[in-house]
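No value in this document is a laboratory result; all are computed from the given coordinates. Just so it is clear, the model here is predicted, and its values are computed rather than measured. FYI the Cβ positions are ideal-geometry reconstructions off the backbone, even for glycines, and counts take in every protein chain you see.
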Amino acid sequence: MINKGFPEGFLWGGAVAAHQLEGGWNEGGKGVSTADVMTAGAHGVPREITDGIIEGKNYPNHEAIDFYHKYKEDVALFAEMGFKCFRTSIGWSRIFPNGDDEQPNEAGLQFYDDLFDELLKYGIEPVITLSHFEIPYNLVKNYGGFRSRKVIDFFEKFAITVFERYKNKVKYWMTFNEINNQASNLDVDIFAFTCSGVTYKDGENREETMYQVVHNEFVASARAVRAGKKINPNFEIGCMVSFVPIYPYSCNPDDMMKSVEEMHKRWHFLDVHVRGEYPAYTKKIWERKGFNIHIEPQDLIDLKEGTVDYIGFSYYMSSVDKADKSDVESGDKLVGSVKNPYIKESDWGWPIDPVGLRYALNIMYERYNKPLFIVENGFGAIDVKDEKGEVHDGYRIDYLRRHIEEMQKAIEIDGVELLGYTPWGCIDLVSFTTGEMKKRYGFIYVDKNNDGSGTLERSRKDSFYWYKKVIESNGKEL
Ligand code: BG6
C-alpha cells in the first residue's frame, strides 16, 4: 500500500497522567490522592495500598519525574518533536484537596492554567482526562469512593469547575481513564482502587459491587458530559477505555462464543457511554446472577443525555480466549486468559500485536460510527544508556512504526475516522501497574531509578528524532 500520510489536522502527540509524572504531591495546596498511598511494586510483585501515608515506605508518585516544577522544559521538548497535542489529566485533589470542599483550591487551578498556556504557546492542543486513576483520598476514607452517590455530585462539581475555568483553552476532554480495568481484573485490588476509589470488603461479591460502582461512574460521566456541552458546545468530550480485543483460540464454535461472551465485558462500557443505555447482555448477566443494582429513574435520563462525542481508548495488546483451557498455557495474570502462539511478548508479558490495533479500530467503528482517538499505545521496556549516555531504542521505534502502519490501513483501506494518536508515556514516568521507573515508554529519557535515585535530567532517545520525522511528514516517513 502506498503511504499517503495521515489526514489533515491529525493529532499527533503524546500521553501522560498527572500522578505518574507531576510529583509535587503535597505542594500548591494539593490533597492526598489515591495514587499517593500506593507503594512501588515490580513485575509480579503487586503495589501495596497503605492506610494513609506510612513513614519509611517508598511512594514513587510523590516525586514522580517532578513535572510539577519542570513542565516548561518538558513542554519545550514536546514542541521540538512537533507535537500537535498533549494528553494529560487533572489531579482532582489539586483542585479539590478533599474532594468534598466547598471552594476549589486556586493554586491548583492556576497550575493547570500555566501548563495549558505553555502548551498553547507552541500550538499544542491539550487533551484532558478528568480522572486518570486517582481520586481524593478523603473520598475513599469517608465515602467509600464511587460506592457512594455523593461522589457522583463531587465529580460533577469538579468537572464543572474545570470546564468553566479552561473553556477557552481546552477543547478535547475525557471523563474516566480506562474505566473498564476494574471489570477485567476483579481480583487485582489496585484496579478498583484506582478506577473508583473502592477497596473490596471481605466476603462481598466483588462483581456485583463493581457493577454498582461503575453505574455510579457512568452517571457521573454522563452528567459531566451534559454539563460540559452546556458550558461550551464546541467541547469534544469522550470516554476512555482500555481496549484489548479478544480472539477465539480456534475456529471451534465454542471458542468463538467464549470470545463473544468475554467481549461483552468490554462492550458493556462502550455501549453505555456511547449509546446511553444498558445492553441486553448486561441485564441478562444481572438477572442470572441475581445482582441488585441500584439505578434511579433519573439516572437513565442522565445516561441518555450524556453520551460521548468520541471514543478514546488505549491499545497495548490483544488477548485470546478458549472454552476449554486445560490443554493450553495461561497468559500473564494481568493480561489474562491464554497465550497466543503467534505473538511475542514484552519483558512484562504484554503481547505485541500491531494487527490487533487495526482489528480494534474496525470493530469499534463498525459498531458505533463515532470518531476514534488512540490516546495510549506504546512499548514499556528497559532502556540502557551506552558509554556516550545515549539510548538506542530501536525496539520502541519498531513497535510504534508497526502500530502506525496498521492505523494507516484502518484509515485508508477501512475508512475509519481517527482523530489522533498519543503514544503513552512520551516522557519516562512512573509505571502504573508496578510503580517502577525502569519500565520506560518515553521518547525522552529521565534519569531516575526505581529506588528514587537519579538527577531527573532529561535526554533525547533515538525514538525522539524518529517521532519528530513522523510528525513532520504527517506519517509518511515511518
Ligand atoms: C494504561 C494506563 O493502563 O497503561 C496508564 O492508562 C499506564 O496509566 C499504562 O501507565 C501503561 O501501564 P504500565 O503499568 O506499564 O505503566
Centroid-to-centroid separation of the range 3-82 and the range 289-357 [C-alpha atoms, Å]: 24
Using Cα pairs closer than 8 Å and at least 6 residues apart in sequence, work out the relative contact order for the range 11-473, in percent. 17
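Would you please put 273-279, 417-423 in order of how densely packed they are, using the mean number of other Cβ atoms within 10 angstrom per residue and starting with the highest?
417-423, 273-279
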Quote the charge dipole size of the chain about the Cα centre in Debye, to the nearest 20; the model charges only the Cβ of Lys and Arg (+1) and of Asp and Glu (-1). 840
³J(HN,Hα), Karplus 6.51/-1.76/1.60, whole Hz, each residue of the range 450-455, x for Gly, Pro: 4, 7, x, 6, x, 8
Relative contact order computed over the range 26-179 (Cα-Cα under 8 Å; 6+ residues apart), in percent: 28
Scan around TYR247 for amide H atoms under 5 Å from its own, H built in the peptide plane at 1.01 Å from N, and keep only partners 5 or more places away or cross-chain. SER319, VAL320, ASP321
Using alpha-carbon positions, the gyration tensor of the range 21-127 gives root eigenvalues a ≥ b ≥ c; with a/c under 1.5 called rounded, otherwise prolate if a/b exceeds b/c, else oblate, the class is oblate
Sort GLU412, GLU178, GLU329, GLU387 by Cβ crowding within 10 Å, fewest neighbours at the top. GLU387, GLU329, GLU412, GLU178
Mind checking which of ILE343, ASN362, ILE382 is farthest towards the positive end of the range 319-478's charge dipole, using Cβ charges of +1 (Lys, Arg) and -1 (Asp, Glu) about the Cα centre? ASN362
As a footprinting exposure proxy, order ARG402, ARG266 by other Cβ within 10 Å, with the fewest listed first. ARG402, ARG266
Which loop trypsin sites (Lys or Arg not before Pro) in the range 406-478, with loop taken from DSSP, have no more than 15 other Cβ atoms within 10 angstrom of their Cβ? LYS476
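Taking N as the number of residues in the range 325-478, what value does Rg over Cα atoms divided by 2.2 N^0.38 Å take?
With N residues counted in the range 325-478, Rg over 2.2 N^0.38 Å equals 1.15.
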List, largest first, the extents of the alpha carbons of the chain along their principal axes, each in whole Å. 62, 57, 47
Within a 10 angstrom radius of the beta carbon, how do LEU456, LEU270, LEU109 rank from fewest other beta carbons to most? LEU456, LEU109, LEU270
